[in-house]
């Protein structure tokens, strides 16, 4: 759920991790090429959205995704 990253490698880590997340194939869980399927419920989506909103309010930045 969290990463603790030393300031000396923060920028490189953030860039590489963001690139890796953007490269994931999101889609139908029945498709063998899908790497990340949908959340299992509307409640799960709502809970995740609240976590992201809270993090952004506390200074986090959404670097990929962010849409529904």
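The values are calculated or read from the model by the stated rules, or taken from the named source; none is laboratory data. Just so it is clear, the model here is predicted, and its values are computed rather than measured. Cβ placement follows ideal geometry from the backbone for every residue including glycine, while neighbour counts extend to all protein chains displayed.
When residues in the range 50-68 are screened for being in a helix (DSSP H, G or I) and exposed (fewer than 10 other Cβ atoms within 10 Å of the Cβ), 1 of them pass.
Being without any contact (Cβ under 8 Å) to a residue 24 or more places away in the chain and outside any helix (DSSP H, G or I) is a property that does not hold for residue 47.
Looking across the range 1-34, just one residue is under 13 Å from the mean Cα position of the chain (by Cα) and either more than 19 Å from residue 62 (Cβ to Cβ) or assigned by TED's automatic domain parsing to the domain that holds residue 63 (or both), and that is 25.
Can you spot a residue in the range 1-15 that is touching a helix residue (DSSP H, G or I) at 6+ places or on another chain (Cβ under 8 Å), exposed (fewer than 12 other Cβ atoms within 10 Å of the Cβ) and without any contact (Cβ under 8 Å) to a residue 60 or more places away in the chain? Within the range 1-15, one or more residues are touching a helix residue (DSSP H, G or I) at 6+ places or on another chain (Cβ under 8 Å), exposed (fewer than 12 other Cβ atoms within 10 Å of the Cβ) and without any contact (Cβ under 8 Å) to a residue 60 or more places away in the chain.
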